[in-house]
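Accompanying notes for the structure given below.
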Amino acid sequence: MLYFIVSSSPFPKNMPRHIVCLTFDFDTQSGFIARGMTSPTALSRGEFGLTGARRILALLKSRRLRSTWFIPGFTIESHPGACTAVIEEGHEVAHHSWAHVPPASQTRAEEEADLVRANAAIERLSGRKARGYRSPSWDLSDSTIDLLLAHGFLYDSSLMGADYWPYPARRGDRAELGKPFIPGQETALIEMPISWSLDDFPHFEFVRTTSAVLPGLQSARAVMQNWLDEFHYMKKTVDWGVLTYTMHPYVIGRGYRMLAFEDLLDKLTAEDAVFMTMEDAAREAQEHMGKGEAC
Ligand SMILES: [Zn+2]
């Protein structure tokens, strides 16, 4: 766990800075296809993400807010116009695999091939390779951190080891049944932590499979109040921090959720939240780390 000593911060003392990263995983149909859900209705759930994306982009434009979009190569090649709109509005495009298959289920060679293919799609779309990565379904393999470093990434956003403090991602953690946990070596890759509690999907999506039902469909206002309270707690406990919300256009893009999300943005703005792309927030975190402010 990291704790930043504010007195030696590059920002003036007594000037708290509470950063919010709005992140959108623009999966469209990719997650359904990766799970073998290719019936017309399943695919149409993902297709609704195109409508959701238009609404989100309009809302962010009206508030002059920049955000980060984790876009699978599948979405870039299937819906190029929708992805071009993200770029044209000035948002960051980051890596979210090509086919939305979790790395933990792939061989190293499969994972690297998918990583390279998706990065090529991002480069064609945006003119540069991704600086940031978020794994499909938030499940890294033992190879992921090394692959991200080898391919020049600045940050990952798939782990849950902290809430408001970015931290160095580790390679080679050792966890064996019946033995103490041995942390691996810290790397230069910056981890921008996430949480299922700050992800729209489990709160809102109704999913029925042969073995389980995820009920979802919670009150949007109640979930947004939880998300606002998370920001309040960050303000109460740290003078510098980053809070990351994870959303999916096909989830948050429904009307009553958009209204609640709009209210959340207004309340965060009134409380002096600093909205940043994740790349910019990671670079600011890197400044703190480089000054030895982490312990
Ligand atoms: Zn996703």
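The table for this structure:
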read-out	value
At R0 = 25 Å, FRET efficiency that the Cβ-Cβ distance of ASP263 and GLU89 yields, to 0.05	0.70
Relative contact order (%) - the stretch 160-231, alpha-carbon pairs under 8 angstrom, separation at least six	23 percent
Descending semi-axes in Å of the stretch 106-174, equivalent ellipsoid built from Cα gyration tensor	21, 15, 10
Per residue Cα convex hull volume in Å³ - calculated over the stretch 9-84	132 Å³
ARG171-ARG35 FRET efficiency (beta carbon distance; Förster radius 30 Å; 0.05 resolution)	0.55
Within the chain, helix-based [θ] at 222 nm, where runs of 4 or more DSSP H residues each add -39,500 (n - 2.57), nearest 500	-13000 deg cm²/dmol
Assigned charges on the beta-carbon of Lys, Arg, Asp, Glu; the chain dipole about Cα centre (debye)	440 debye
Taking N as its residue count, the alpha carbon Rg of the stretch 169-295 over 2.2 N^0.38 Å	1.31
Cα pair distances of the chain binned at 5 Å [whole percent]	1, 5, 12, 16, 18, 17, 14, 10, 4, 1, 0, 0
Most mobile listed residue (TYR245, TYR133, TYR155) in the chain, GNM with C-alpha springs under 10 Å	TYR245
Value of relative contact order over the chain, rounded to a whole percent, pairs C-alpha under 8 Å and six or more apart	28 percent
In the stretch 164-225, chymotrypsin sites (Phe, Trp or Tyr not before Pro) in a DSSP loop with at most 15 other beta-carbon atoms within 10 Å	PHE181, PHE206
The stretch 211-295: trypsin sites (Lys or Arg not before Pro) in DSSP coil with no more than 13 other Cβ atoms inside 10 Å	LYS291
Cβ-placed point charges (K, R +1; D, E -1), dipole of the stretch 137-290 about Cα centre in debye, nearest 20	460 debye
Virtual spin-label span in nm between ALA150 and ASN226, 7 Å along Cα→Cβ	3.8 nm
Cα convex hull of the stretch 44-175 - mean projected area over all directions, nm²	9.0 nm²
Nitroxide proxy distance, nm - points 7 Å out along Cα→Cβ at SER211 and GLU271	3.9 nm
Residue (of SER137, MET160, HIS203) at the positive-pole extreme of the chain, dipole from beta-carbon charges	HIS203
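Any read-out appearing in this document is the output of simple, stated calculations on the displayed coordinates, not a laboratory observation. The structure displayed is predicted, hence computed values, not measured ones. Quick reminder, even Gly has a Cβ in these numbers, built from the backbone with ideal geometry, and neighbours come from all protein chains shown.
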